[in-house]
1. Residues that are surrounded by 16 or more Cβ atoms within 10 Å (Cβ to Cβ) and of a type in the set (S, T, N, Q): does the stretch 302-312 have at least one?
2. Residue pairs, Cβ under 6 Å, 6 or more apart or interchain, first in the stretch 178-202 and under 20 Å from Arg340 (Cα atoms), second at pLDDT below 75 and not basic (Lys, Arg). List them.
3. Every residue in the stretch 350-370 that is in a loop (DSSP other than H, G, I, E, B) and not β-branched (Val, Ile, Thr), please.
4. Within the stretch 402-424, can one find any residue that is more than 26 Å from Glu346 (Cα to Cα) and of a type in the set (Ser, Thr, Tyr)?
5. Touching a strand residue (DSSP E or B) at 6+ places or on another chain (Cβ under 6 Å), assigned to a helix (DSSP H, G or I), polar (S, T, N, Q) and closer than 24 Å to Lys64 by Cβ: does that describe Thr319?
6. Which residues, taken from the stretch 451-474, are among the aromatic types (Phe, Trp, Tyr) and more than 58 Å from the chain's Cα centre (by Cα)?
7. Go through the stretch 417-460 and count every residue that is in contact (Cβ under 8 Å) with a residue 40 or more places away in the chain, of a type in the set (Val, Ile, Thr) and either in contact with a His (Cβ under 6 Å, 6 or more places away or on another chain) or assigned to a helix (DSSP H, G or I) (or both).
8. Report, by residue number, each residue of the stretch 371-388 that is among the aliphatic types (A, V, I, L, M), out of contact with any helix residue (DSSP H, G or I) (no Cβ under 6 Å at 6 or more places or on another chain) and either in a loop (DSSP other than H, G, I, E, B) or over 16 Å from Tyr457 (Cα atoms) (or both).
Amino acid sequence: MDPVNSTASPTLHPSEVKLLLEVADVVNTTLDLETTLSRVAELVRKVIDYEIFAILLLNEHLQKLYVRFSVGYPPGMAERLRVKIGQGVIGRAAETREAVLVADTTEDHFFIDALPNVRSELAIPLIVKNRVIGVIDIEAREKNFFTEEHKRLLTLIASRMAVGIENARLHTRITRQARTLLLLNEIARELTSILYLDELLRRIAELLKRLIDYQMFSILLLDETGEKLQHRFARRFEETLHLKHDIPLGRGVVGYAAQAKEAVLVPDVAKNSLYIAANPETRSELAVPLIYQEKVIGVLDLEHTRRGYFTDDHKRILTTLAAQLAIAIENARLYEQIARQERRLEHDLALARELQFRLLPPTLPKMRNLEVQAKFVPARAIGGDLYDFVPYSLSRLGIAVGDVSGKGAPAAIYAALVSGILRSHAPIEPAPAEMLSAVNLSLAERRIAAQFVSIIYAVWDDETRTLSLANSGLPRPIYYHDGKIEFIEATGLPLGLFDETTYDEFTFKAKPGDLFVFYSDGILDARNRTGHSFGSQRVEAIVAGCASKSADCVVNEIFKAVCEYTAGVDAFDDQTVVAIRVKAEAGKRK
C-alpha cells in the first residue's frame, strides 16, 4: 500500500494542499534529473529550513545508496559515501520503508557519525510502486531539531516526489542509453573504416574514453598457438606503453575472460583471487573478451584506481562494443596479411618480370644483309609471349615468335619452358617445320593440361638472302615486296596439343627492301572503348607506310598505334612484334 495513501487525509490543511500542488508541478513539468532533484530540495526547504540535506538513490544490484544531490557536505564526501541497506539511519529507512526520526544521535545506536557535530537526523524513504528507489536525508547540529510534523509532511509528499525522481531518472537513463547507442554506432562505423592494426588500436583507446573514463587500458591478442595473450597496445594515465609480458590463457582476470568467453567485472581487485598484481595503482578492473565467429581473438582490459569504479552499465556497453571491435581488429589483421602477401607477390612479380626480360635476347642480331627489330609488352607484370634469335652456322639465324595460352605467371613459366626446348634443339639446326615438330614432341612428353603455344619459326640465310618459315597458330605473317603487301598463308595447329603433327614450310628469295613482319594476336585483338578490335587492316597500313623506312619504324609505329587505339582500356593480351627488313645495299655495313 502506498504510504501516502495511508497518511494523507481528506481534510488537508490549505497549506498542505498548496505544497502537494507544488510537488505535482515538479512531477509533471520536468524530466531532467538534476532539475528535479534541485526542485525537490527547494520544496523540502519550505517545510524544513535545513543546513545539511541529501537525496540518495538506490543501486539495486549492489543494494547500496549513493548520494545523488547534497547540500552542506564537505568537498568530496558525497562522491565517496555509500550506505548499505539497513546501515545507519538512512539504511534503516530504506530497509523498513518508513520514515526514521532521530531526535538525539548520541542516544541512537544506528547512527553513523559521518558528518561532524550532527545531533539529529530525519530520513524519509522514496517509494514508487511499492519499491524503494532512494532516501531523503536531513541532518541538523541541534538536538530535537526535527518534529513529528516534519516527519508527517515529508512522508506525505515523499512518494509524490519519488514519482518525479524516478521518472526523471528513467528519462535520464533512456537518454543516456540513446546517446550511448548513437556513440557506439559512430565508434563502430569509424573503427571499421581503419585498416591498419596499430592505428586501429590507438583509435580504439581514444574513442573508448568517450564512453568510459578509464585510467588504464590494454588490448591483448591471442597468439597463433592459442595458448597465450600478447599485449598489442597499452595506455596508462594517457601514456602509451609497450608491454612485452604475455598472459597464459586462463591466468588472471584477463586470461579467465578469454578462456571463459565472458566479461569479468572486478569491483575490488584485492578481494578477487583471479587478479594478478601487475599495476600497484589498480583497484578495479573490467576485462571483456573479443570474440569473432565464436572464437576468442583477444581481450579488452580496463583498470581504475578507484574501487567499484566500473559498473554493470560499463560492462554492458563494453560487451556490446567488443563485438564490433573484434570485427574491426580481424579485418585490420586480414588486411595487413593481404598487404604483406601483396608486397611479397609484387616483389616476386617484379623479379619474375626481370627474369622474363632477361630470357629475351639481350641484343638484336647484327647481320650483313638483314635489319632486325623486336618488342614485347606483357598485358600483366609478366606474360606468355616470347621471341628469340638462335644463331645457326654459316651466317644463318633462327627466328622464333611465340604466344602461350593463358596469361600471367603460368603462361610465363610455360614460355620459359618453350624457350628452353627451342634452344635445346638449335644445335642440330633444324629447318622451321622440323623445329616445330621437335618442340611439339618435347611438349607432348611434358604435357600440362590446358597449356599450349603458337609459334612462328623462321630461318634466315644471310648469304643467299633466303627466308624459310613455318607457323603453328600465330596470325599470318606479312611479307612486303615489290611495293605490295602479302599475307603468307602459313597455318598450323598449336604445339603441345597433339603428339604427331606436321607443318608446312614456306621459302622466300628476298630482295633488298623486302620486309617480313611477325606478331602475336594481342596486336590484332587489342580493343578500344567501344569494343572494336585493332585488326589486320591497321597493321597492314602501318607496314605499308614504314616499308621504305626501317624495321624499327614498323615495330614502333605498330605499338604506338595500338596504344592510341586502346587509350583508357587495359590490355587483356600480351603483344609482340618482330620485323626483319632486307638491307638495301647488300654486303655493305651501315
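1. Looking through the stretch 302-312, at least one residue is surrounded by 16 or more Cβ atoms within 10 Å (Cβ to Cβ) and of a type in the set (S, T, N, Q).
2. Listed pairs, sorted by first residue: none to list.
3. Leu360, Pro361, Pro362, Leu364, Pro365, Lys366, Met367, Arg368, Asn369
4. Yes - at least one qualifying residue is present in the stretch 402-424.
5. Yes; evaluated as a whole, the condition is true for this residue.
6. Kept after step one, since they are among the aromatic types (Phe, Trp, Tyr), are these residues of the stretch 451-474: 452, 457, 460.
Once the filter is applied, which keeps residues that are among the aromatic types (Phe, Trp, Tyr) and more than 58 Å from the chain's Cα centre (by Cα), the stretch 451-474 yields only Trp460.
7. Going through the stretch 417-460 one residue at a time, the tally reaches 2.
8. Passing the criteria: Val377, Ala379.
The values are calculated or read from the model by the stated rules, or taken from the named source; none is laboratory data. What you see is a predicted model, and the numbers here were worked out from it, not measured in a lab. Quick reminder, even Gly has a Cβ in these numbers, built from the backbone with ideal geometry, and neighbours come from all protein chains shown.
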